[in-house]
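Below is one structure, written out as C-alpha cells; comments come after it.
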Amino acid sequence: MKTPYFPHRVRGLRTEVQKPRAMPYKDDAEPLNELLVIGRQSLQAMENLIAVAEYKRNDDRNEYQRKFMAATRRRFKLAFELEARRIGRDLTLDERTRFMHELQAQWSEERDAYVVRRTEQVQQQIGAVSHDDKREFISQFWDMKTQELLAMMSEAKPPALRKKKRVVEVAKPQTAMASALTSAIDKKK
C-alpha cells in the first residue's frame with residue numbers, strides 16, 4: 001500500500017493481518033510489517049497499538065495545524081475562484097502558483113499590520129499583551145479575511161459558461177493494408 005494517509009494504512013493493516021505470510025510493506029513503510037507480526041500473534045495487541053497511534057495523532061498541536069491548513073486551503077480556493085470570475089476563465093497551474101505567492105505576501109503584511117495595531121490598542125487599554133492575546137489577534141484576522149472573501153464571492157457574478165466545440169480530426173492510415181481496406185470499403189459503397 002503506497003498511501004501516506006493514516007486511515008488507509010490502518011485499513012490495510014487490518015486487511016493484511018488476515019493473510020498468514022504476506023509482508024507487503026517495503027522501504028519507509030517497512031516498520032508496519034512489525035505491526036502485522038504483532039497482529040498475527042494477538043489481534044488485540046495490534047488494535048491497542050493502533051489506538052495509541054490514533055491518540056498521539058489527535059494531539060492538540062497536530063489538530064491545530066490540521067485545522068489551520070484546511071482553513072488556509074479554503075481561503076486560497078475562494079481567492080482562486082474570485083480571480084477566475086474576475087478574468088473570465090480558470091487559472092492555469094502557473095497562474096495559480098504565482099497568484100498564491102502574491103496573496104501569501106500580501107496577507108502576511110496585512111496580518112502583521114493588524115496584529116501590531118491590535119497590540120497597540122490593547123496596550124493602551126490594559127497595559128500588557130500576552131502571547132495568547134497575539135495568537136487571538138491572528139485568529140481574528142484570518143476569520144475576518146475568510147468573511148471578506150465570502151462576501152466578495154457572494155457579490156461576484158458567476159462566470160458565464162462557455163461550451164467549447166470539440167473537433168476531432170481522424171488521420172487517414174498510411175499503411176498498404178489500411179489503404180487496401182479503405183479501397184475495399186469504398187468499392188462496397
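The values are calculated or read from the model by the stated rules, or taken from the named source; none is laboratory data. Predicted model, so just to flag it, every value in this text is computed and none were measured. We place every Cβ from the backbone using ideal geometry, glycine too, and count neighbours over all the protein chains shown. The protein model used for the area step is the full one, side chains on, heavy atoms only, and it has no ligands, DNA or RNA in it. Shrake-Rupley method; radii C 1.70, N 1.55, O 1.52, S 1.80 Å.
Among the candidates Gln140, Gln65, Gln123, which residue alone is among the polar types (S, T, N, Q) and within 22 Å of the chain's Cα centre (by Cα)?
Gln65
Which residues, counting only those in region 31-57, are closer than 16 Å to Tyr5 by Cα and open to solvent by less than 100 Å² (accessible area, probe 1.4 Å)?
So in region 31-57, the residues closer than 16 Å to Tyr5 by Cα come out as 31-32, 50-51, 53-57.
Passing the criteria: Pro31, Leu32, Ile50, Ala51, Ala53, Glu54, Arg57.
Kindly indicate whether Asp94 is assigned to a helix (DSSP H, G or I) and open to solvent by 90 Å² or more (accessible area, probe 1.4 Å).
Taking the combined requirement at face value, the residue satisfies it.
Would you mind finding the one in Glu47, Glu34, Glu54 that is within 28 Å of the chain's Cα centre (by Cα), of a type in the set (Asp, Glu) and part of a helix (DSSP H, G or I)? Before you say what the answer is, go through the steps one by one.
Numbers: Glu47 fails: within 28 Å of the chain's Cα centre (by Cα); Glu34 fails: within 28 Å of the chain's Cα centre (by Cα).
After ruling out the rest, the residue left standing is Glu54.
Considering (1) at pLDDT 85 or above; (2) of a type in the set (A, V, I, L, M, F, W, C); (3) open to solvent by 90 Å² or more (accessible area, probe 1.4 Å); (4) more than 23 Å from the chain's Cα centre (by Cα), say which one Val116 fails and leave the rest.
(3)
(1) within 23 Å of Tyr64 (Cα to Cα); (2) touching a helix residue (DSSP H, G or I) at 6+ places or on another chain (Cβ under 6 Å): which one isn't true of Gln140, the others all being true?
For Gln140, the exception is condition (2).
Condition first: within 19 Å of Gln106 (Cβ to Cβ), surrounded by 12 or more Cβ atoms within 10 Å (Cβ to Cβ) and either touching a residue at least 40 places away in the same chain (Cβ under 8 Å) or not hydrophobic (A, V, I, L, M, F, W, C) (or both). Now tell me which residues in region 64-76 satisfy that.
Hits for region 64-76 are Ala71, Thr72, Arg74, Arg75.
Can you list residue pairs whose Cβ atoms sit under 9 Å apart, with the first residue in region 13-35 being closer than 17 Å to Glu47 by Cβ and the second being at pLDDT below 80 and surrounded by fewer than 14 Cβ atoms within 10 Å (Cβ to Cβ)? Count only pairs 6 or more apart in sequence or on different chains.
Within 9 Å, the pairs are Glu16/Ala22.
Take region 51-90 and flag every residue that is in contact with a Phe, Trp or Tyr (Cβ under 9 Å, 6 or more places away or on another chain) and at pLDDT below 90.
Result: Ala53, Glu54, Arg57, Phe68, Asp90.
For Arg85, only one of the following conditions fails: (1) closer than 28 Å to Pro158 by Cα; (2) open to solvent by 100 Å² or more (accessible area, probe 1.4 Å); (3) not small (Gly, Ala, Ser). What is its number?
Of (1) closer than 28 Å to Pro158 by Cα; (2) open to solvent by 100 Å² or more (accessible area, probe 1.4 Å); (3) not small (Gly, Ala, Ser), only one is false for Arg85: (2).
Assuming Ala128 fulfils every condition listed in (1) open to solvent by 40 Å² or more (accessible area, probe 1.4 Å); (2) more than 19 Å from Glu83 (Cα to Cα); (3) part of a helix (DSSP H, G or I) apart from one, which condition is it?
Of the numbered conditions (1) open to solvent by 40 Å² or more (accessible area, probe 1.4 Å); (2) more than 19 Å from Glu83 (Cα to Cα); (3) part of a helix (DSSP H, G or I), the odd one out for Ala128 is (3).
Assess whether Pro173 counts as being modelled with pLDDT under 90, out of contact with any Phe, Trp or Tyr (no Cβ under 6 Å at 6 or more places or on another chain) and surrounded by 12 or more Cβ atoms within 10 Å (Cβ to Cβ).
Considered against the rule, which asks whether it is modelled with pLDDT under 90, out of contact with any Phe, Trp or Tyr (no Cβ under 6 Å at 6 or more places or on another chain) and surrounded by 12 or more Cβ atoms within 10 Å (Cβ to Cβ), Pro173 comes out as no.
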